[in-house]
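The values are calculated or read from the model by the stated rules, or taken from the named source; none is laboratory data. For clarity, every value in this text was computed on a predicted model and none was experimentally measured. When we count neighbours, we look across all protein chains shown, and the Cβ atoms used for this are built from the backbone with ideal geometry, even at glycine. Accessible surface is based on the protein model in full, side chains and every heavy atom, while ligands, DNA and RNA are left aside. Shrake-Rupley method; radii C 1.70, N 1.55, O 1.52, S 1.80 Å.
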Number of protein chains: 2
Amino acid sequence: MKKPRAAAESAAPLPEWEALVVEAVGTVIEFWRFKRNQGRVWALLYLRGRELTAAELQEALELSKGAVSMVTRELEQWGVVSRSHAGSDGVWRFRAETDLMKMVGRVIEARESKLVLGVKADLERAERLARQRDDVPPDVLARLQRMKTLAAVIDRAVRGFLHTARLDVGGAVSVLSGVLPARRARRTSARVNPG
Amino acid sequence: MKKPRAAAESAAPLPEWEALVVEAVGTVIEFWRFKRNQGRVWALLYLRGRELTAAELQEALELSKGAVSMVTRELEQWGVVSRSHAGSDGVWRFRAETDLMKMVGRVIEARESKLVLGVKADLERAERLARQRDDVPPDVLARLQRMKTLAAVIDRAVRGFLHTARLDVGGAVSVLSGVLPARRARRTSARVNPG
DNA sequence: CTTGCAGTTCAAGCGCGCTTGAACTACACC
DNA sequence: GGTGTAGTTCAAGCGCGCTTGAACTGCAAG
């Protein structure tokens with residue numbers, strides 16, 4: 001075999017600083033309702049900056065064979081990781097895309113959209129049903145109305161957030177890729193939202 | 001027993017339109033990582049617009065005794081529901097507060113803050129450790145740096161979202177209370193929210 | 001064709017947090 | 001004091017989604 005590894009199999013195979021980064025990203029991604037291991041895989045690929053094989057991922061992150069397969073497929077479907085069949089040995093290699101936020105934003109937006117549409121429909125149906133009855137006092141109807149307003153307001157705020165996050169991150173300055181805006185400015189985050 | 005209810009115990013004791021609203025709020029609140037039943041309880045209290053006893057909540061929402069106790073206590077701690085010991089029969093009654101978003105915003109902000117601070121600390125520690133070594137190439141350090149930037153950007157976007165949501169909802173026009181901008185109408189729980 | 005490795009699939013297992021319900025406390029009334 | 005009702009607490013149970021690992025597919029070399 002071509003893997004004469006030195007360290008024991010059970011010990012954490014990652015240097016501490018890499019582990020810290022990987023776990024940090026895992027935690028954040030988990031917070032956004034993705035799977036922790038999706039974040040960990042992406043983080044390692046991004047940090048290393050080169051292609052890694054499934055076996056390398058499996059060992060570095062202590063995942064099972066199945067988990068690597070699942071997680072990479074999902075990341076690929078979202079377009080945050082790409083896979084290449086590098087000719088030499090016929091083994092798949094994975095690489096991180098740098099427009100993470102665009103994709104995360106898209107997914108979050110889709111989820112939020114689905115939720116809001118459902119809620120909106122339910123509230124409207126409830127209102128219709130309530131108006132058909134004669135035992136629902138007008139102040140109750142008014143509050144039902146206000147809930148619809150609240151829903152709309154939250155929806156707008158969420159879309160604003162996504163817009164801001166994606167523009168700031170993926171816009172003029174691509175934070176994660178190496179592309180810097182011009183000669184000047186090391187870290188000028190493109191300020192898009194006024195205020 | 002003083003509760004000669006007509007319907008069977010197992011059937012949904014809520015008219016459909018109310019159930020729709022209650023479940024819709026439950027779904028939304030769950031999406032924001034609160035407990036579904038917290039949303040359901042608040043929604044019913046808000047919709048009814050009057051105080052309800054624990055027993056009424058329990059029956060209407062088909063909750064256990066313990067669940068009502070827990071959920072109401074949590075809602076109370078967050079200040080979205082208030083409890084009053086209405087003298088007559090020495091029974092607790094609950095009422096919905098209308099500044100829901102302020103509280104939800106506060107809680108989300110606290111959570112997000114905790115997360116971001118932890119992640120920030122970890123990334124900085126990772127960077128320090130990495131710089132102490134001689135085997136970490138500069139491009140890797142640069143990417144680590146960029147991750148820190150990304151974290152800061154996301155953090156700003158989240159705070160922007162919370163700011164927007166709270167201002168829009170709790171600001172000049174208090175959406176959930178009865179206070180309307182011009183024509184001030186019926187329920188004057190006159191809440192004035194300064195920016 | 002057989003062997004062996006890379007990768008995929010999916011049923012079963014596991015972990016984790018929510019809910020239940022019974023025991024317990026508090027308090028009012030007799 | 002005793003009895004009854006309202007409310008609280010918390011260990012055990014349950015549900016649900018993620019992970020595992022073994023069986024399976026596919027492919028390339030012998």
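Data table
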item	result
Relative contact order (%) - region A:100-170, alpha-carbon pairs under 8 angstrom, separation at least six	57
Filter on B:Lys102/B:Lys148; A:Lys114/B:Lys102; A:Lys148/B:Lys114; A:Lys114/B:Lys65; A:Lys148/B:Lys65 - keep pairs with C-alpha separation over 27 Å	B:Lys102/B:Lys148; A:Lys148/B:Lys114; A:Lys114/B:Lys65; A:Lys148/B:Lys65
q = 0.18, 0.27 Å⁻¹: log10 I(q)/I(0) that the Debye formula gives for region A:40-79, counting C-alpha atoms only	-0.43, -0.97
Charge sum, other residues only, whose C-beta stays under 9 Å from B:Leu47's C-beta, Lys/Arg counted +1 and Asp/Glu -1	+1
Unit charges at the beta carbon, dipole of region B:49-92: most positive-side option, B:Val68, B:Gly49, B:Trp78	B:Trp78
Per residue convex hull volume, Cα atoms of region A:15-152, in Å³	143
Cα extents of region B:100-170 along the three principal axes, largest first (Å)	53, 17, 8
Exposure of A:His163 as accessible area (Å², to 10), given a probe of 1.4 Å and all protein chains	110
Convex hull volume of region B:16-96 per residue (C-alpha atoms, cubic angstrom)	84
Projected-area average for region A:70-109 over all orientations - Cα convex hull basis, square nanometres	3.0
Region B:42-99: trypsin sites (Lys or Arg not before Pro) in DSSP loop, at most 12 other beta carbons within 10 Å	B:Arg50
Net charge of Cβ neighbours under 13 Å - reference A:Glu124; Lys, Arg +1; Asp, Glu -1	+3
